[in-house]
Amino acid sequence: MTVRAPRIVAFVTVVAAALAGCGTASDPSPPSGVDQLVIPTPSPDPDDFVAGVDNAWLPLPPGRTWIYQVVDARGVHRLTMTVADGPQVAGVDTTARVTTERGQTTTDWFAQDDQGNVWWFGRDGEWEAGTDGAEAGLAMPDRPRVGDGFRTAYLPGVVEDVVTVTAVDETVTVPAGSYDDLVATLETSEREPGARQRYWARGTGLVEEDGTGRVLRLATVSG
């Protein structure tokens, strides 16, 4: 079988302000792993996507469960993420990540292209790529590099988040253990002040998030 590059042309939004003052041993570099992509994309080609999501930094294998300790103004509580089958969105089969926190459930839909990049295709009940002008964006590139910047999705007034990769060599300790060589990303939104700093471990995914009044740390992962 011939593996084709996605039918998408290069466009990357780099947020220079998000890079100011971030601690990293690497200088900002040209995008890699997001090359040849229009981000967000108004017309994803289903033939450019594969079944399942096995990106090193955002793996979504069936049966996996992540439990996080969350600290916010209301105290300490738990957040759980699980993986389920997702619907077909804009003609693309998706994988669902189901997040449960304080009795409320949020379901996000993701799909991975044949180059290993993971795209965010929607959130149940809020927006869906290909509907009402909503466009899928990049959730995680296959090979993140310092200086990569991209929209995670786009629908004016609903989702206007931008992520910048700020480091690829971070270390954090959370209840689940210590993790090295982490990818660090900084997420900002045109709709709200502040930013979210996230740390991603190879083979595990998100291990820590800090910002917008709360801190989330990985407690256990199974499956």
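The values are calculated or read from the model by the stated rules, or taken from the named source; none is laboratory data. None of the values given here were measured: they were computed from a predicted structure. Virtual Cβ from ideal backbone geometry, glycine too; neighbours counted across all protein chains shown. Side chains included, ligands, DNA and RNA excluded: accessible areas come from the protein's heavy atoms. Shrake-Rupley method; radii C 1.70, N 1.55, O 1.52, S 1.80 Å.
Label the range 85-137 by shape, choosing from rounded, prolate and oblate, from the square roots a ≥ b ≥ c of the eigenvalues of the Cα gyration tensor; if a/c is under 1.5 it is rounded, and otherwise prolate applies when a/b is larger than b/c, oblate when it is not.
oblate
At 0.36 nm per residue, and after removing the present C-alpha to C-alpha distance, how many nm does the segment from residue 131 to residue 88 gain when stretched out fully?
14.2 nm
I want the local charge near residue 77. Using Cβ-Cβ distances under 15 Å, sum +1 for each Lys or Arg and -1 for each Asp or Glu among the other residues.
+2
Would you mind getting the accessible area per residue of the range 48-180, heavy atoms of the protein chains only, 1.4 Å probe, in Å²?
Per residue, the range 48-180 has an accessible area of 41 Å².
Might you work out the accessible area of residue 217 for me, using a 1.4 Å probe with all protein chains in place, and round it to the nearest 10 Å²?
For residue 217, the solvent-accessible surface is approximately 80 Å².
Considering only protein heavy atoms, with the full assembly of protein chains and a 1.4 angstrom probe, order 124, 132, 48 by accessible area, largest first.
Ranked from most to least accessible, the order is 132, 124, 48.
Using a 1.4 Å probe and counting only protein heavy atoms, arrange 67, 39 so the residue with the most accessible area comes first.
67, 39
Run the simple label-point estimate for residue 80 and residue 210 please: 7 Å along Cα→C-beta, distance reported in nm.
2.8 nm
Could you go through the range 78-90 in sequence order and give the Karplus-derived ³J(HN,Hα) for each residue, using 6.51 cos²θ - 1.76 cosθ + 1.60 with θ = phi - 60°, rounded to whole Hz, and x for Gly and Pro?
Values, residue by residue: 10, 10, 10, 10, 9, 10, 9, 5, x, x, 7, 10, 6 Hz.
If I compute solvent accessible area with a 1.4 Å probe over the protein chains, what percent of it on the range 110-223 is carbon and sulfur?
40 percent
In what sequence, largest accessible area first, do 106, 212, 152 appear using a 1.4 Å probe?
The residues order as 212, 106, 152, largest area first.
Run the numbers for residue 219 and residue 189: contour at 0.36 nm per residue of separation, minus the present Cα-Cα distance, in nm.
Extra length from residue 219 to residue 189 when fully extended: 8.1 nm.
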